[in-house]
Amino acid sequence: MQSATSDSSSMECAPTHSLKFICGAERPEDVARIPGTRWLVFSGFSNGAGLKLVDSSAHSMRLWYSGTPDQLQHDRQAFPHCSSPPSAQSFNAQGISLRTAAPSSHRLYVANHGGRESIEVFLIDARAGEPKLSWIGCVLLPEGIAANSVATFSDGTILASVLTHPGTTITDFVLGKTTGGVYEWRPGADGFKLLKGTELPGNNGIETSIDDNEFYVVAFGWRSVVVFSRADPSKPLRRAAAPGFMPDNIHWHEGRLLLAGMQVDEPACGGLRKIVDGKADGMLCHRGYGVAQLDPATMQFKLIAYDGPDPAFNGVSAAVLVDNDLWLASYQSDRVAVRRLSYPLSR
């Protein structure tokens with residue numbers, strides 16, 4: 001597999017004090033590891049950036065979805081309201097979620113903004129060598145609604161978080177105002193429906209519990225994780241603020257519930273995120289980051305990695321582990337990052 005950039009050893013992609021990079025990723029906002037393998041999937045939060053497949057051993061990367069006929073296996077029975085595959089030229093992938101269907105067979109769910117607002121669904125065949133990707137369908141979001149992140153239950157039900165509803169803004173959720181919500185699609189349904197009671201200040205990352213009884217939502221405006229009951233999502237069950245960072249995406253990874261995000265109070269950027277002339281700061285100033293493990297029963301966080309601002313990498317939004325290597329996603333950068341942890345993590 002070829003590296004995404006031919007000058008990965010050049011000054012433009014040189015390592016910094018703690019991070020190494022694979023460049024050319026185009027805003028790799030989210031990441032998932034294909035279980036039991038060295039392969040990582042990164043999203044691309046930009047038109048045409050699509051999905052990237054990373055070999056964590058070789059530190060190489062390539063564009064994975066090309067939309068060629070061999071990657072198309074539309075399941076019209078499961079997704080009858082999805083008329084065509086996403087265009088590779090416009091595919092804009094933000095949040096992703098991977099669910100294992102059988103050994104070496106997985107489903108990948110992707111929040112897409114390119115050409116349509118949708119959750120795209122793919123099959124991953126990882127039985128031998130480099131895994132194969134096949135698009136099988138999509139579920140469209142309601143008019144005027146864009147999904148930020150996606151998660152699933154074991155019965156095929158899809159949850160999509162929406163950061164801001166029409167008429168609300170990023171500035172609103174920074175101020176702690178309700179802006180978004182969680183939408184649910186069940187197999188056989190015509191489309192997504194809002195789960196009333198899940199509206200939060202900036203509904204961001206989302207994940208489901210292993211037993212299917214709960215789901216976890218990042219309220220970005222509160223810098224917190226909020227837990228809901230699947231049976232009755234009309235009000236939160238539990239809530240806890242992350243330690244010193246703004247959690248973005250949240251995912252299960254080998255029994256760990258991991259979150260990552262930028263530092264809340266960054267001296268290099270003047271401290272807390274500010275609102276200037278009625279508009280929230282875009283956080284382009286490079287902030288440090290934190291990665292933590294959450295126990296969803298006790299709502300206790302365990303910080304597993306943190307660092308100050310890096311001159312070549314900003315906007316940390318997700319993390320995944322491969323042995324003792326911590327891979328970092330970013331909603332801003334043109335690269336993925338990896339750092340070595342100095343100690344093994346306990347469960």
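The values are calculated or read from the model by the stated rules, or taken from the named source; none is laboratory data. This structure is a prediction, so every number in the text was calculated from the model and none was measured. Please note: Cβ atoms are built from the backbone with ideal geometry, for glycine as well, and neighbour counts cover all protein chains shown. We work out accessible area using only protein heavy atoms, side chains counted, and drop any ligands, DNA or RNA first. Shrake-Rupley method; radii C 1.70, N 1.55, O 1.52, S 1.80 Å.
Annotations
- Accessible area per residue in Å² at 1.4 Å probe, computed on the chain: 42 Å²
- A convex hull fitted around the alpha carbon atoms of segment 202-347 yields 113 Å³ per residue.
- Modelled this way, with points 7 Å down the Cα-to-C-beta line, the labels at ASP75 and GLN89 are 3.0 nm from one another.
- Segment 68-107, accessible surface, carbon-and-sulfur percent (1.4 angstrom probe): 49 percent
- FRET efficiency for the pair SER234 and ASP211, taken as 1/(1 + (r/R0)^6) with r the Cβ-Cβ distance and R0 = 25 Å, rounds to 0.80.
- FRET efficiency for the pair LYS302 and LYS196, taken as 1/(1 + (r/R0)^6) with r the Cβ-Cβ distance and R0 = 25 Å, rounds to 0.15.
- Note on segment 241-302: with neighbouring protein chains present and a 1.4 Å probe, carbon and sulfur make up 56 percent of its accessible heavy-atom surface.
- Förster-model FRET efficiency, 22 Å R0, ALA241 and THR157, C-beta, rounded to 0.05: 0.20
- The aspartates and glutamates whose alpha-carbon is closer than 15 Å to the alpha-carbon of LYS193, local same-chain residues fewer than 8 away aside, are GLU117, GLU143, GLU184, ASP232.
- Around the amide H of SER149, modelled in the peptide plane, lie the amide H atoms of SER161, all under 5 Å away and 5 or more residues distant in sequence or on another chain.
- Estimated dipole of segment 110-210 in Debye, rounded to 20 [Cβ of Lys and Arg +1, of Asp and Glu -1, Cα centre]: 40 debye
- Selection from THR208, VAL31, ALA329, by position along the positive dipole direction of the chain (Cβ): THR208
- Between the alpha-carbon centres of segment 32-50 and segment 244-295 there is a gap of 21 Å.
- The slack between SER104 and SER57, meaning 0.36 nm per residue of separation minus the straight C-alpha distance, is 15.0 nm.
- Modelled spin-label separation between ASP323 and LYS177, with each label point placed 7 Å from Cα along the Cα-to-Cβ direction: 5.0 nm.
- Mean Cβ neighbour count within 10 Å, used as a protection proxy, ranking 58-70, 26-38, 231-243, 288-300 highest first: 26-38, 288-300, 58-70, 231-243
- The Rg/Rh ratio of the chain, with Rg taken over Cα atoms and Rh as the Kirkwood radius over Cα pairs, comes to 0.94.
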